[in-house]
1. Might you report the magnitude of the Cβ-based charge dipole of the chain about its Cα centre, with Lys and Arg at +1 and Asp and Glu at -1, to the nearest 20 debye?
2. Rounded to the nearest 500 deg cm²/dmol, what is the calculated helix-only ellipticity per residue at 222 nm for the chain, with -39500 (n - 2.57) per DSSP H run of length n ≥ 4?
3. Among ILE50, HIS61, VAL128, flag the residue with its Cα farthest along the positive direction of the charge dipole of the chain, charges on Cβ as +1 for Lys/Arg and -1 for Asp/Glu.
4. Could you look at the range 1-138 and say what percent of its accessible area is carbon and sulfur, using a 1.4 Å probe and all protein chains?
5. Please give the peptides 109-115, 144-150, 132-138 ranked by average Cβ packing (other Cβ atoms within 10 Å per residue), highest first, as a rough proxy for protection.
6. Leaving ligands and nucleic acids out of the surface, order ARG125, ARG58 by accessible area at 1.4 Å, largest first.
7. With every protein chain present, what is the per residue accessible area of the chain (1.4 Å probe, Å²)?
8. If one computes the Cα centroid of the range 72-88 and of the range 103-137, what distance in Å separates the two points?
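The values are calculated or read from the model by the stated rules, or taken from the named source; none is laboratory data. These figures come from a predicted structure and were not determined experimentally. A quick note on method: Cβ atoms are made from the backbone with ideal geometry, for glycine too, and the neighbour counts reach across all protein chains shown. Just the protein is used for accessible areas: all its heavy atoms, side chains included, with ligands, DNA and RNA removed. Shrake-Rupley method; radii C 1.70, N 1.55, O 1.52, S 1.80 Å.
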Amino acid sequence: MRAIMTVAEPKPSTIEILLVEDSAGDIRLMHEAFRVANKRVRLNVVTDGIEALGFLRRKGHFYNCPRPDLVIMDLNLPKMSGLEVLAQVKDDPLLKSIPVVILTISEAEIDIARGYRLQANCYLRKPVQLEAFEELVKSINDFWLVKAKLPPQMQAA
């Protein structure tokens, strides 16, 4: 008699996203859009640039926070701008491999150029219409979380 071996399907892992956004309305929209687009996403939210760096570096009350697989960040943030945060993230050997998507209302060429010069992985204009916002989040999910191969999680030394 021949034994049949079954292999258990691996459980899909949680996808950790850090959303750096100070608009309560945009945070709510992002939560709802990802809830629909990908149930594996856990959206971690901070509302200013200083908190973003604390979360990413696991400092203070962020000590036990997960390392994000992806950062989605506005540029216009209190305490420290998104571009300043981006510069520090991409200058940090422990953080620079985390993809950073800039999602902002700014269409200023100088912001776009500086974002890419500081190694943003993507620069997207935040839509004002609800349907367009939901479609953009679906596109972010489809590309960054389905099609793209993200770097493996690295533990801080």
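1. Numbers: 21 positive and 20 negative charges, 167 e Å.
Its charge dipole is roughly 800 debye.
2. So the helix-based figure for the chain works out to -10000 deg cm²/dmol.
3. Towards the positive end, the residue furthest out is HIS61.
4. 55 percent
5. The densest-packed peptide leads the list: 132-138, 109-115, 144-150.
6. On the way: ARG125 100, ARG58 65 Å².
Listed by decreasing accessible area, they come as ARG125, ARG58.
7. On the way: 9600 Å² over 157 residues.
Averaged over the residues of the chain, the accessible area is 61 Å².
8. With the range 72-88 and the range 103-137 each reduced to a Cα centre, they are spaced 13 Å.
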